[in-house]
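**Student:** Would you mind keeping the following structure in view while I ask a few things?
Read the figures in this text as sums done on the coordinates, not as results from a lab. Here the structure is a predicted model, which is why all the values come from computation and not from measurement. Methodologically, a virtual Cβ is constructed for each residue, glycine included, from the backbone with ideal geometry; neighbour enumeration extends over all protein chains shown.
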């Protein structure tokens, strides 16, 4: 039976796979979780400003081989907002770990998009779970380079600390053309459904506040340093036209991994940052193919000691 999702500006939208939704209370945080399929568990972690909707095309395809579990990140869409101090990368990873423990999941595969890939890697490095494989879809593992890396965090912190910032952001004229420009800035092109769903999110002040709070406290430098300890095989799926995470970063990430841990790079031509929404069938096939190449004990040692 479909979950009774919280009343927000998102109501009125036919939310994808609502019949697979449930609300899960873990400590003080109420999560929106979607589950479908049978088999080993595949955990899907979306990126900043997105929600479970971003997996709408991918989930049913992966569900043919996996028991797929996806959630809205804290402060996003239908999941509650935790204290600001927990909206860090380690804090998000700890929250995901608590959810996985509460659901009693034996995670075999982690698929993360953008910042979600960083959360998945952080959770593995911190011993939250030991999957056989990690798949990063346009994974954002590295700090922004140059001037944007200097300016962005303070600006995001200022906006997150300003109570009206999220409301002003949500109240701007987010018509279809504006949402299409926003998505186009990532190098992706989405159908009408995808644009409508992102439009609903950016018009919701609570969701905007969650995304701003996450960006304000994001620091990828410790993760970049710790990738040298990651023993779980990491597959990097890269949209060749990604304008949000430079495709060349995949080579830099692979160079940071342990020499014997591998790290494959799979480039999808003609796709942008939201490649999993643009080409869900193709990305699902690549995820399944990459996970099948991992030895049976591939995730037995997620990280080496610091």
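**Student:** Order of 61, 292, 229 from fewest to most other C-beta atoms within 10 Å?
**Tutor:** With the sparsest Cβ surroundings first, the list reads 292, 229, 61.
**Student:** Also: As an exercise, use a Förster radius of 30 Å and the Cβ-Cβ distance of residue 196 and residue 267 to find the FRET efficiency, rounded to the nearest 0.05.
**Tutor:** Using R0 = 30 Å, I get an efficiency of 0.55.
**Student:** Suppose each label sits 7 Å from its Cα in the direction of the beta carbon; what would the residue 285-residue 260 distance come out to in nanometres?
**Tutor:** Inter-label distance under the simple model: 3.5 nm.
**Student:** State the three equivalent ellipsoid semi-axes of region 192-234, derived from the C-alpha gyration tensor as the square roots of 5 times its eigenvalues, in descending order and whole Å.
**Tutor:** Semi-axes from the Cα gyration tensor: 32, 16, 6 Å.
**Student:** Give me the distance in nm between label points sitting 7 Å out from Cα along the Cα-to-Cβ direction at residue 24 and residue 251, one decimal.
**Tutor:** Result for the modelled spin labels: 4.0 nm.
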